[in-house]
Amino acid sequence: MESFRRMPVEDFIGKLSAPTPTPGGGTAAAVVGAMAAALLNMAASISLKRSQEERTLQEARECSERLRESLLYLADRDSAAYERVVEAYRLPKGTEEEKRARKLKIQEALREAAEVPLRTAELALEILETARRMKGEIRSSVLSDLLVAVRLAYAGVHAALCNVDVNLSSMEDEEVKKELWEKRCTFEQRAEELLRELLTSGGSE
């Protein structure tokens with residue numbers, strides 16, 4: 001499978017618009033999150049030009065670099081997870097043994113297809129947490145960039161959770177579904193709380 005993370009932007013957008021299932025919403029959610037992390041990095045780096053001693057901003061820059069790379073990795077992983085679901089549904093089902101094997105593979109693939117975007121949502125949420133720690137530390141000239149990062153990260157959380165929901169709806173293991181659903185709801189609630197807090201954030205001169 002080709003890597004979307006190494007693709008020129010125009011080519012990636014073209015792939016998203018193509019009549020193929022991958023890359024899809026889960027990959028797009030991860031890329032949006034990576035863009036948010038990149039903007040945080042930029043806001044922290046510009047603000048650090050004034051003073052290299054600001055530990056909060058130094059940590060935020062390091063964190064945003066890690067998050068950007070992790071989310072770009074998940075962009076590829078999400079498409080790969082979806083393709084495994086498709087492959088599982090294509091397995092033979094002529095005999096009872098084949099049916100059982102196929103059902104098991106489908107459920108395993110669906111779990112991965114739910115866990116990957118759940119991880120995407122978790123990392124996008126971490127971007128919001130990082131932005132919160134930066135509040136009041138950045139220069140006012142990059143406040144708008146921070147707020148764009150916040151909006152993108154918030155969108156990334158919800159976009160990823162849409163993919164979690166669709167895969168959970170087809171899973172049969174109620175215990176696993178419950179565990180993933182509880183995490184999903186926790187991430188959604190925390191994202192709402194952080195968005196409200198961050199919309200009132202400000203920067204320094």
Quiz item: When residues of region 78-109 are filtered for being surrounded by 12 or more Cβ atoms within 10 Å (Cβ to Cβ) and more than 30 Å from the chain's Cα centre (by Cα), how many remain?
Solution: 4
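Based on this model, can you work out whether LEU74 counts as over 27 Å from VAL142 (Cα atoms), touching a helix residue (DSSP H, G or I) at 6+ places or on another chain (Cβ under 8 Å), aliphatic (A, V, I, L, M) and surrounded by fewer than 20 Cβ atoms within 10 Å (Cβ to Cβ)?
no
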Quiz prompt | Selection within region 134-168 - more than 18 Å from ARG119 (Cα to Cα), among the charged types (D, E, K, R) and in a helix (DSSP H, G or I) | solution = ASP145, ARG151
Practice problem: Count, please, the residues in region 54-65 that happen to be under 20 Å from ALA34 (Cα atoms) and surrounded by 14 or more Cβ atoms within 10 Å (Cβ to Cβ). | Solution: 8
Quiz item: Hey, among the residues in region 163-193 that are of a type in the set (A, V, I, L, M, F, W, C) and over 24 Å from LYS105 (Cβ atoms), which one's surrounded by the fewest Cβ atoms within 10 Å (Cβ to Cβ)?
Solution: CYS185
Quiz item: Just one of ARG68, ARG132 is surrounded by 19 or more Cβ atoms within 10 Å (Cβ to Cβ) and basic (Lys, Arg); which is it?
Solution: ARG68
Practice problem: Looking at (1) without any contact (Cβ under 8 Å) to a residue 60 or more places away in the chain; (2) surrounded by 23 or more Cβ atoms within 10 Å (Cβ to Cβ); (3) not hydrophobic (A, V, I, L, M, F, W, C), find the lone condition where SER45 falls short. | Solution: (2)
Exercise. Can you run down the residue pairs with Cβ atoms below 6 Å, 6 or more apart or on separate chains, where the first is in region 116-136 and over 15 Å from GLN58 (Cα atoms) and the partner is among the β-branched types (Val, Ile, Thr)?
Key: PRO117/VAL164; LEU118/VAL164; ALA121/VAL157; ALA124/VAL157; LEU125/VAL157
Self-check item: Subset of region 10-57 (residues that are among the acidic types (Asp, Glu) and in a helix (DSSP H, G or I))
Solution: GLU10, ASP11
Exercise. Go through the residues of region 45-59 one by one and say whether even a single one is under 18 Å from the mean Cα position of the chain (by Cα) and of a type in the set (Ser, Thr, Tyr).
Key: no
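Throughout, read-outs are computed from the coordinates displayed, never taken from laboratory work. The model shown is predicted, which means the values in this text are computed figures rather than measured ones. No Cβ is skipped: glycine too gets one built from the backbone with ideal geometry, and neighbour counts run over all protein chains shown.
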